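Have a look at the structure below, then the notes.
Read-outs: derived from the displayed coordinates by stated rules, not from any lab. Owing to the predicted nature of the structure, the values given are computational and were not obtained by experimental measurement. Backbone-built Cβ (ideal geometry, glycine too); neighbour counts: all protein chains shown.
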Amino acid sequence: MKSSVLLKMANQIGAFFEAMPDQDEAAHQVAAHLTRYWAPQMRRDLIERLSCADDGEVKPIVLKAVQALTNLPRVES
């Protein structure tokens, strides 16, 4: 699957959870969703896209969730 499609899907998931008042819990829920429902290759492709470039299209909550799943450096906003 194209990484642009994966990013769009991840952002849609993030949009759903970002309404939660606790943003740390929201990011945890995004990460849990990605772990539970996405195939490992889909997660790897998303992680690769986000680790190779500063992608301004990614929602901060998605970036935080992916950082929780990986060792990506944390970016303070």
Computed [θ] at 222 nm, helices only, for the chain once each DSSP H run of length n ≥ 4 contributes -39500 (n - 2.57): -22000 deg cm²/dmol
FRET efficiency, 1/(1 + (r/R0)^6) with R0 30 Å, evaluated for residue 69 and residue 5 via beta carbons: 0.95
Calculated Rg and Dmax of the chain using C-alpha coordinates, Å: 11.2, 32
Taking 24, 45 and counting other C-beta atoms within 10 Å, the order from fewest to most: 24, 45
Packing-based exposure ordering (other Cβ within 10 Å, fewest first) of 44, 36, 49: 36, 44, 49
Where labels lie 7 Å past Cα in the beta-carbon direction, separation of residue 16 and residue 51 in nm: 2.6 nm
Residues 30, 5, 66, 58, sorted so that the one with the fewest Cβ neighbours within 10 Å comes first: 5, 58, 66, 30
